[in-house]
């Protein structure tokens, strides 16, 4: 398999890198992180102007008509710059399910403003009452031509900014996907704060009415659509972690070649070199597993096992790589005026989102067992 990117994909990566380098400076990060929104609107607007928000969406809604691979290229750069923008939530969690399963009216209504940088979307995949995103405890009850949703979602990204939040809910005969207005009657958002400082929400749904126009696909047959959405979410998280871990290792290489002890750069010490080499190998394992999962999703191939394998490496390898980066930096690694600390906290958040390493191994084992039956 050829893992090389095309010239167009390289150009896309370089453009995303340039925009984020210009906007997501250390000084700007401090300002955004201190705000109540945790949203760099200037960087978001710049990505929209460059047509990078809508890369995986068709051109009839203002997108570029590209694929999940190109969206993951942007996500990797967001990780490299620890950019506080809701790209994963908007493009992958909310937008891509609408693009794939939504009606033409839903696509135009929601994705046109997304591509223009005017609208944020999200999805609520995590629950306190269920550790399996494919088996939600939240319920949806038919109410004439509409639905009533009851339940609690947690760790919902960008819910306070979103126009709609994709909410999976259990129906009487299956699982449905519902586009919930977070400002609707019966919705309560309780502020949460992630390890990285990102603003999340605990979303309490109390008899929330969802009209037929905000139901995504068949409300009784949404499990396959939900499974695809979860695969995309896992792969998107891995793409961000790839950027996070790779940049942490790059910063470490730069630091250890300049930092001297006993008259020599500490990078020349065998123990330091071995630790850095192990971190580099972990990053490359994340890279290989991530692009395999992303490519299979983009080619509409089964990718559940590959997404879980990638998430295992993102969780396990990402933890080791960023921990080594902290260790090799010594005391400066935890100095909040030095950039490295953000990479560690981002990596920790990604590691735990939608399951850390052990839950991924359990699910991979279940998938292997199912194949043998």
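The values are calculated or read from the model by the stated rules, or taken from the named source; none is laboratory data. All figures in this text were calculated on a predicted structure; none of them were measured in a lab. Here Cβ is always computed from backbone atoms with ideal geometry, including for glycine, and neighbour counts include all displayed protein chains.
Among the candidates 283, 272, 249, 244, which residue alone is more than 28 Å from residue 362 (Cβ to Cβ), surrounded by 14 or more Cβ atoms within 10 Å (Cβ to Cβ) and under 23 Å from the mean Cα position of the chain (by Cα)?
Working: 283 fails: more than 28 Å from residue 362 (Cβ to Cβ); 272 fails: under 23 Å from the mean Cα position of the chain (by Cα); 244 fails: more than 28 Å from residue 362 (Cβ to Cβ).
The conditions single out 249.
Mind counting the residues in segment 342-358 that are in a helix (DSSP H, G or I) and touching a residue at least 60 places away in the same chain (Cβ under 8 Å)? Step through it out loud before you land on a result.
So in segment 342-358, the residues in a helix (DSSP H, G or I) come out as 342-352, 357-358.
From the residues that got through so far, the ones that are touching a residue at least 60 places away in the same chain (Cβ under 8 Å) too are 342-352.
So the count comes out to 11.
Filter segment 2-26 for residues that are in a helix (DSSP H, G or I) and at pLDDT below 95 and give the result.
Keep residues of segment 2-26 that are in a helix (DSSP H, G or I), which gives 7-23, 26.
Once the filter is applied, which keeps residues that are in a helix (DSSP H, G or I) and at pLDDT below 95, segment 2-26 yields only 26.
Have a look at 367, 288 and point out the one that is modelled with pLDDT under 95 and in a helix (DSSP H, G or I).
The unique qualifying residue is 367.
Test residue 116 against the stated conditions and say whether it is crowded, with 24+ Cβ neighbours inside 10 Å and in contact (Cβ under 8 Å) with a residue 40 or more places away in the chain.
It is false that residue 116 is crowded, with 24+ Cβ neighbours inside 10 Å and in contact (Cβ under 8 Å) with a residue 40 or more places away in the chain.
Can you name the number of the only condition in (1) under 20 Å from residue 251 (Cα atoms); (2) in contact with a helix residue (DSSP H, G or I) (Cβ under 6 Å, 6 or more places away or on another chain); (3) free of Cβ contacts under 8 Å to residues at least 24 places away in the same chain that residue 329 fails?
Every condition holds for residue 329 apart from (3).
In segment 149-169, is there at least one residue being in contact (Cβ under 8 Å) with a residue 60 or more places away in the chain and over 21 Å from the mean Cα position of the chain (by Cα)?
yes
Among the numbered criteria (1) modelled with pLDDT of 95 or more; (2) assigned to a loop (DSSP other than H, G, I, E, B), which one does residue 132 miss?
(1)
Which condition number in (1) in contact with a helix residue (DSSP H, G or I) (Cβ under 8 Å, 6 or more places away or on another chain); (2) buried (at least 23 other Cβ atoms within 10 Å of the Cβ); (3) over 16 Å from residue 327 (Cβ atoms) is the one that residue 226 fails?
The number of the failed condition is (1).
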